[in-house]
Amino acid sequence: MSKAFFDLSSRIEDGFAEIESDIMIDLRDTNEEYAILQKQLSELKQQHPFIDKIMESDGAINLTADEHDVLLRYLHLYRKMDDMERLHIYFRGQTDAVAY
């Protein structure tokens, strides 16, 4: 293999965490809907600490009907935000591919 060989996929994989972070910052700074979702998720977690227990701990957790409704709202917002992130990453990849 030539010394001029450029393993782009390995370079992207090695730097993906930083690239992803930059993309999320860009998304937050340029997309008002995304910023609002991020704020809503943060507020829900602050108002309802059981959400962190569910997401971060092991073992059984019992929820009231109201807590269950809050969790469903949280998960809906989280999925919506995740979809926006994945779409933004996809478009960023398309943009980068044209540049390469």
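Only the coordinates and a few stated rules stand behind these numbers; no lab work does. This one's a predicted model, so the numbers in the text were calculated from it and none came from an experiment. Neighbour counts run over all protein chains shown; Cβ positions are idealised from the backbone, glycine included.
Binning the alpha carbon pair distances of the chain at 10 angstrom intervals from zero yields the distribution 12, 33, 26, 18, 8, 3, 0, expressed in whole percent.
List the residues of the stretch 36-54 whose backbone N lies under 17 Å from a point placed 7 Å from the Cα of ASP83 along the Cα-to-Cβ direction. Under cut-off, by backbone N: 36-38, 41. Between the alpha-carbon centres of the stretch 71-100 and the stretch 32-54 there is a gap of 18 Å. Per residue, the convex hull around the alpha carbon atoms of the stretch 45-100 comes to 97 Å³. Under Stokes-Einstein, with the Kirkwood radius over Cα pairs as Rh, the value for the stretch 20-59 at 10 °C and 1.306 mPa s is 138 µm²/s. For the chain, what is the number of Lys pairs with C-alpha distance below 28 angstrom, counting only pairs 8 or more positions apart or on separate chains? So the count works out to 5.
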